[in-house]
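Q: Here it is, the structure in full.
Values quoted throughout were computed directly from the atomic coordinates according to the rules given, and no laboratory measurement underlies them. Given the structure is predicted, the values throughout are model-derived calculations rather than measurements. As a convention, Cβ positions derive from the backbone with ideal geometry for all residues, glycine included, and neighbour counts pool all protein chains shown.
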Amino acid sequence: MLKHLFEPIKIGKFKIKNRVKYAACSVSNFNNPDGTVSERELARMRVVAKTGCGIITNQGAYPDREGYGKGYARQLAIYDDKFIPGLRKIAEIIHNEGAIAIQQILHAGRYGGYDTGIALQPSPVPQKLRHYRPVREMTKEEIRKVIVDHAEAARRAIEAGFDGVEITAFMGYLLANFLSPFTNKRTDEYGGDVEKRCRFMVETIEAIRGKIGDDKLISIRLNGAELLDEVGGSTEEECLEYMKIAEEAGVDIISIVVGWHESSKGALGRDLPTTQWLYLAERAKKHLKVPIAFGPRFGDPRLADKAIADGIIDLWEICRPALADPEILHKAKEGRFDEIKPCLGGLMCLSTMFHDLPYICTVNPRIGHEIEPEYEIKPAVRRKKVVIVGGGPAGLECAVTAAKRGHEVILYEKEDKLGGQLIPASKEIGGGYVFLDLIRYYEVQLKKHGVKVYTGVEVTPEIIMKEKPDVLVLATGATITKDYNEVNGVKIYTAIELLKDERIAEEIGDNVVVVSGERAGLVAAEYLAKKGKKVTIVEEGKKIAKDVIPTFKWRHKLWVSELGINVITEGKIGEIKKNKCVVKTKNGDVEVPADAIVLGGPRKPINGLWSSIEFLADEKYIIGDAVLPRSIAYAIHEGYKLGARI
């Protein structure tokens, strides 16, 4: 039992039912283009409110009429009283579930100017991220106006029924731009030493307090580490000073965050240990009296409970773990830890947001579709016998979803283990273990909901005829094919073979050529290089990692560089000789040492059974990579949608 996580805490005049603060989770892009609250967003917030968190922070709203503070396509707005009615609906939804409601105010600073085409910041430090806009230095008049904008936004939030507001001084947004010497080169009273760089933050806090009074809450999100050392960002010691100054200015909660969007190091992905940044909270707690909220990469409720017990944090701040499984707190409270659907830490949610798309979650297909009836899990009108062929992510998700609705589900898997593409994915050097966690989650769910599972069985039409299903689902996945096992003494493997069988890496030889710089090839190359092999990637295109989402594309490129992997782009394998192969490039032929070749693609659907089952079931479906090889997210989402409608 978790003793400390569910203890109440008093902050200001508010008694909060537990120690969990729901973070604003960036920007959903579910709202209307004019910044008003949409029905889709209200439906999402009803799910958020039911998570059981003691404090719920609504996503960031930009405070200025000009729109310089708008960073994302469908970001909420709070620059006018006309937005109060929509925000009031959100506050009511939160209060109806017994939580404290906080409205985040988000002026995006150097990441803003979505509609204006120009972003504001303290100094004209160029913007290098492609998906953001050029920057301009703020005048003193603009600084004073933005302070007033924040105060008026806070007033509107309180009038809408919120119990407080949250200021965004983190991740490279406007207040963080003033704090960091990387982006603040000013020589007036708003730039220079730590105290002067904090002036804008302090004046903003004071203006907000003057508008909302002492009986409402002010939370502030501050970086514990910017991860900008190479460009002259704040040190961790300076970040701690910012917190002390914010406390003196009168904030009620300090939420500690790590990294900027343009940091050269990752802060939130699965490539980091879950306790990577906890020391930042521990240090802050030793120097501050206000409650400390913390959550970066810290997704295990048991670890959070211990951190509270040890006096390291006061509030566990969650975002992505609750996106992946909105029931995480309820399951944790009941001790059902093995039933929590794990966040994979792939940052698909951030990746889509940066492309002006509604954010999605790899493992939770319902996000953003809460308002759509076809995404609800309702009891089946008629119980059917459902046979699913394939125990990869599509088949597993479909089986669990259909069984939850009351169907009789039988799952067949050709391999000895469940998991499909999750198994080779688990060999990723940057936190691949999370894919095994997901397999374990599915195994628990299959057992709980009475799914019959047969592994090591290759399904034939005869087996299907014997089962006599009402519904037949092919989720047989995809594979990488090869024409030869060996050429002139050079062994040929596929990435899937390699990553599923650890013995291959031991016998493969010292020099390996991996054909394809797409994700499967990258994972295989990095896996081998980590084991000390000399690896060369041969990619036919101009760039590697073209099928990898942006939040992990740069990570794979970094790992390739750090591991010393040789990369040849715009190349094709020509002749294979003993202990070497010839790579044909636009600049001529290149001989590369090769004891073995690993084929990283292309993946091709396994769907040969489809043509043999036409009359074997009343309903027949094909999902996941068996339709077209794609990502794990597509597989899980298709499995869920089918399981919800059978």
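Q: In sequence order, what are the phi-derived ³J(HN,Hα) couplings for the stretch 292-300 according to the Karplus relation 6.51 cos²θ - 1.76 cosθ + 1.60 with θ = phi - 60°, rounded to whole Hz, with x for glycine and proline?
A: So the J values, rounded to whole Hz, are 9, 9, 8, x, x, 6, 10, x, 9.
Q: Sorting Glu397, Glu7 on the 10 Å Cβ count, fewest up front, what's the list?
A: Glu7, Glu397
Q: Using Cβ contacts closer than 10 Å as the measure, can you line up Arg221, Arg46 from fewest to most?
A: So the ranking, lowest neighbour count to highest, is Arg46, Arg221.
Q: Here is a follow-up. Rounded if a/c is under 1.5, else prolate if a/b beats b/c, else oblate: with a ≥ b ≥ c from the C-alpha gyration tensor eigenvalues square-rooted, which is the stretch 183-267?
A: Oblate shape, in that a/c is at least 1.5 and b/c is the bigger or equal ratio.
Q: Would you please give the residues with an amide H less than 5 Å from that of Ala478, counting only those at least 5 places away or on a separate chain, with H modeled from the backbone geometry?
A: Ile606
Q: Hey, another quick one. Given a Förster distance of 45 angstrom, what is the FRET efficiency for Asp80 paired with Glu562, based on the Cβ-Cβ distance and rounded to 0.05? Let's see the in-between values first.
A: Numbers: r = 49 Å, r/R0 = 1.09.
For Asp80 and Glu562, the calculated efficiency is 0.35.
Q: Along the Cα→Cβ direction, 7 angstrom out, place labels at Val194 and Thr455. What is the inter-label distance in nm?
A: 5.4
Q: In the chain, what % of DSSP beta bridges are antiparallel (nearest 5)?
A: Numbers: 19 of 90 bridges.
DSSP beta bridges in the chain are roughly 20 percent antiparallel.
Q: Among residues other than Arg221 whose Cβ falls under 12 Å from its Cβ, what is the net charge (Lys/Arg +1, Asp/Glu -1)?
A: On the way: positive: Lys21; negative: Glu166, Glu317.
In short, -1.
Q: Right, another one. Using the Kirkwood radius built from alpha carbon pairs, what does the Stokes-Einstein equation give as D for the stretch 547-646 at 20 °C and 1.002 mPa s, in µm² per second?
A: Once the numbers are plugged in, D ends up at 121 µm²/s.
Q: Another one. Can you give the Rg to Rh ratio of the chain, both from alpha-carbon atoms, with Rh computed by the Kirkwood formula?
A: In the chain, Rg relative to Rh is 1.00.
Q: Within the stretch 306-384, report the GluC sites (Glu not before Pro) that DSSP leaves as loop and that have at most 15 other Cβ atoms within 10 Å.
A: Within the stretch 306-384, the qualifying GluC sites (Glu not before Pro) (loop, at most 15 other Cβ atoms within 10 Å) are Glu334, Glu376.
Q: Give me Ile78, Ile537, Ile312, Ile504 ranked fewest to most by other Cβ atoms within 10 Å of their Cβ, as a rough exposure proxy.
A: Arranged by neighbour count, lowest to highest, Ile78, Ile537, Ile312, Ile504 become Ile504, Ile312, Ile537, Ile78.
Q: Also, quick follow-up: Go through the stretch 1-31 and name the trypsin sites (Lys or Arg not before Pro) that are in a DSSP coil and have 13 or fewer other Cβ atoms within 10 Å of their Cβ. Intermediate values should be presented prior to the final figure.
A: Working: sites: Lys3, Lys10, Lys13, Lys15, Lys17, Arg19, Lys21; in loops: Lys3, Lys13, Lys17, Arg19.
Counting only loop positions with at most 13 other Cβ atoms within 10 Å, the trypsin sites (Lys or Arg not before Pro) in the stretch 1-31 are Lys3, Lys13.
Q: What dipole magnitude, in Debye to the nearest 20, does the chain give about its Cα centre under +1 on Lys/Arg Cβ and -1 on Asp/Glu Cβ?
A: Roughly 720 debye for the chain.
Q: Once amide H atoms are built 1.01 Å from N in the peptide plane, which residues 5 or more positions from Gly574, or in another chain, come under 5 Å H to H?
A: Placed amide hydrogens put Val582, Val583, Lys584 under 5 Å from Gly574.
Q: Calculate one ³J(HN,Hα) per residue across the stretch 336-353 by plugging θ = phi - 60° into the Karplus curve 6.51 cos²θ - 1.76 cosθ + 1.60, and present them in order as whole Hz with x for glycine and proline.
A: For the stretch 336-353, the Karplus-derived couplings read 8, 5, 6, 9, 7, 6, x, 6, 7, x, x, 6, 4, 4, 5, 4, 6, 4 Hz, x marking Gly and Pro.
Q: In deg cm²/dmol, rounded to 500, what helix-only [θ] at 222 nm does the chain give when every DSSP H run of at least 4 residues adds -39500 (n - 2.57) and the total is split over its residues?
A: Calculated at 222 nm, the ellipticity per residue is -9500 deg cm²/dmol.
Q: Which of Gly98, Thr36, Leu315 sits farthest toward the positive end of the charge dipole of the chain, with +1 on the Cβ of Lys and Arg and -1 on the Cβ of Asp and Glu?
A: So the residue we want is Gly98.
Q: Sticking with this structure for a sec: Apply the Karplus curve 6.51 cos²θ - 1.76 cosθ + 1.60, θ = phi - 60°, to the phi angles in the stretch 618-627 and return the couplings in whole Hz, x for Gly and Pro.
A: Running phi through 6.51 cos²θ - 1.76 cosθ + 1.60 with θ = phi - 60° gives 5, 10, 9, 9, 9, 9, x, 5, 5, 7 Hz.
Q: What does the net charge come to around Ala23 if you take all other residues with beta carbon closer than 13 Å to its beta carbon, with K and R at +1 and D and E at -1?
A: Combined, the nearby Lys, Arg, Asp and Glu give +2.
Q: Another question, then. For the stretch 480-604, what is the convex hull volume of its Cα atoms per residue in Å³?
A: 98
Q: Taking a 19 Å limit on the Cα-Cα distance, which of the listed pairs Lys417/Lys500; Lys414/Lys500; Lys13/Lys244; Lys21/Lys333; Lys13/Lys211; Lys533/Lys580 fall beyond it?
A: Numbers: Lys417/Lys500 10 Å; Lys414/Lys500 14 Å; Lys13/Lys244 22 Å; Lys21/Lys333 15 Å; Lys13/Lys211 17 Å; Lys533/Lys580 15 Å.
Beyond 19 Å between Cα atoms: Lys13/Lys244.
Q: Among Ile480, Trp554, Ile565, whose Cα projects farthest towards the positive end of the dipole of the stretch 480-604, with charges put on the beta-carbon of Lys, Arg (+1) and Asp, Glu (-1)?
A: Value computed over the given set: Trp554.
Q: Return the ratio Rg/(2.2 N^0.38 Å) for the stretch 394-504, where Rg is computed over Cα atoms only.
A: Here the answer is 1.25, to two decimals.
Q: Rounded if a/c is under 1.5, else prolate if a/b beats b/c, else oblate: with a ≥ b ≥ c from the C-alpha gyration tensor eigenvalues square-rooted, which is the stretch 357-431?
A: Judged from the Cα gyration tensor, the stretch 357-431 comes out oblate (a/c at least 1.5, b/c at or above a/b).
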